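Please read the structure below before turning to the comments.
Readers should treat all values here as calculations from the given coordinates under stated rules, not as data from a laboratory. Everything numeric in this text was worked out from a predicted model, so none of it was measured. Cβ sites come from the backbone with ideal geometry, for glycine too, and all protein chains shown count toward neighbours.
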Amino acid sequence: MYPRFSAQDVRSALTDSRVVLIAGPRQAGKSTLAKSVSDVSRSYFTLDDATILNAAKSDPKGFIRDLDRVTIDEIQRAPGLLLAIKESVDEDPRPGRFLLTGSANIMTLPTVADSLAGRMEVITLMPLARGEISGHKPAFLDLAFQGQVAPVKGTSVSGSELIEIVLAGGYPEAIARSTPERRTKWYLDYINAIIQRDVRDIADIARIGDMPRLIRLFANYSAKLVNFSEIGAALAMDRKTVQRYLDIFTALYITYSVEPWHNNQISRLAKSPKLHFLDSGLLAAVLGASMDGIKSDRNVFGYLLESFVFGELVKQVGWMQARGMSIHHFRTTTRTQEEVDFVLEDNRGGIVGLEVKASATVLSADFRGMRKLAEATKGRFIAGMLIYDGDKVVPFGSNMFAVPVSHLWN
């Protein structure tokens, strides 16, 4: 079993929070983590069991009434339990009474967001990060916010090995498959299961049959600015319906909209969000990307690599909750269109820019957007790093570096 760097956060939360929720996509390892942090005195129920689900839905108060120190798996399948849990922990506020897992962001569901405010700590568990796979917790973001880059130690991952890592993604079941073809089949079956079961659990969708085609359209927009009207035109949907469907996939931890970074000193900045898939292996399967295909046409690899880097950043930001980091993108609307793929800002106002390039060659011109960001943020700009398919850390001026992709986790 791979070490999960969120495990200590869950253990700590159980010592002082009445309710703890491990949230994240299906098959990311939530149930395994919940069981690993529990002792024998904690009972366990999964709402994937039809009998238990029926009991929880038919009488939420009765189901919760006599439970204490319990794990309830897949809580989004019976959101009515949350109000019963609220009443229970208000009567008995001892910490650690309820450990929940959820494969949908239940805080986005109607009537749920306020029911456990101040009573529940949410810890997000994403698919495996490369650091968890290798067994070493990375210090990349800690160093970046100090304006530092560690020297390369050992062999950097690049070329075909990097492509294989990006195509594999981070779902434990997928990376355990023996061949790329078997891995792709797992991902496609996974998406189908999400559409047929979890989408129905959290939303009333009239055109469920359109969802497979819609997810493929979203995949083609990964690492690009979202154009809801253009996507809708392909399926004869209005932009509001497309946006609602994207919100559903986001609530299920499949996609994520990266909002633009703004500054009053620069008026001509893109206002559209940028779409990313949270797992590059899942994205590759939906796009039909393969090692041979990438070797003959590397264009698609640029989008895959950017979403891979985004997924790594999301996981590392989650492990650094005390820093209160947010992730944005930066793009001007001027003729030259300077852009930075990711703008990380911490709760002290510090800014780190990250650009992703699926190439082994880096030029000074590749830092044009980073320099514009540094100019816009003035004293708050700490460092700019261009993540590339190379094996050396190369300085490109004051606080600007070209950094191998594998530095994210090595």
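Some values worked out for this structure:
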| item | result |
| --- | --- |
| Student exercise, the chain dipole from Lys, Arg, Asp, Glu Cβ charges, in Debye to nearest 20 | 560 |
| Built amide H within the under 5 Å cut-off of residue 359, gap 5+ | 389 |
| Packing-based order for 17-27, 294-304, using average beta carbon neighbours within 10 Å, highest first | 17-27, 294-304 |
| Rounded, prolate or oblate (a/c below 1.5 giving rounded, otherwise prolate when a/b exceeds b/c) for the range 155-313 by Cα gyration tensor | oblate |
| Cα-based shape type of the range 7-124, given that a ≥ b ≥ c are square roots of the gyration tensor eigenvalues and the cut on a/c is 1.5 | rounded |
| Likely footprinting exposure, 39, 68, fewest C-beta neighbours within 10 Å first | 39, 68 |
| Largest-first principal axis extents, alpha carbons of the range 283-410, Å | 45, 34, 31 |
| Relative packing of 325-334, 143-152, which averages over residues the other C-beta atoms within 10 Å, highest first | 325-334, 143-152 |
| Distance violations [Cα-Cα > 27 Å] among 30/61; 35/137; 185/271; 153/357 | 185/271 |
| Amide H within-cut-off set for residue 122, under 5 Å, with H built and near neighbours excluded | 21 |
| Note, ³J(HN,Hα) from phi for the range 26-40, Karplus 6.51, -1.76, 1.60, rounded to Hz, x at Gly and Pro | 4, 6, 8, x, 5, 4, 4, 5, 4, 5, 5, 9, 9, 9, 5 |
| Euclidean distance between Cα centres, the range 1-72 to the range 161-179, Å | 28 |
| Simple spin-label estimate for residue 189 and residue 233 in nanometres, 7 Å along Cα-Cβ | 3.9 |
| With Cα atoms, 0 to 90° folded angle of helix 299-319 axis to the chain main axis | 50 |
| Total formal charge among the other residues, if their Cβ is under 12 angstrom from that of residue 180, Lys/Arg +1 and Asp/Glu -1 | +1 |
| Considering only the range 130-408, percent of DSSP beta bridges that pair antiparallel, nearest 5 | 60 |
| Hypothetical label at residue 291: residues of the range 178-199 whose amide nitrogen lies under 15 Å (7 Å Cα-Cβ projection) | 178-184 |
| Simple spin-label estimate for residue 15 and residue 207 in nanometres, 7 Å along Cα-Cβ | 5.2 |
| Placed amide H near residue 224: partners under 5 Å, 5+ positions off or other chain | 275 |
| Residue-by-residue Karplus 3J(HN,Hα) for the range 361-377, coefficients 6.51, -1.76, 1.60, Hz, glycine and proline x | 10, 10, 10, 4, 5, 5, 9, 4, x, 5, 5, 5, 5, 4, 5, 6, 9 |
| Computed label-point distance, nm, for sites residue 148 and residue 32 using a 7 Å Cα→Cβ extension | 3.3 |
| Extension gain, residue 7 back to residue 244 (0.36 nm per residue minus Cα-Cα distance, nm) | 82.0 nm |
| For the range 198-223 and the range 262-332, distance of Cα centres in Å | 20 |
| C-alpha long axis of helix 7-16 to longest principal axis of the chain, angle in ° | 50 |
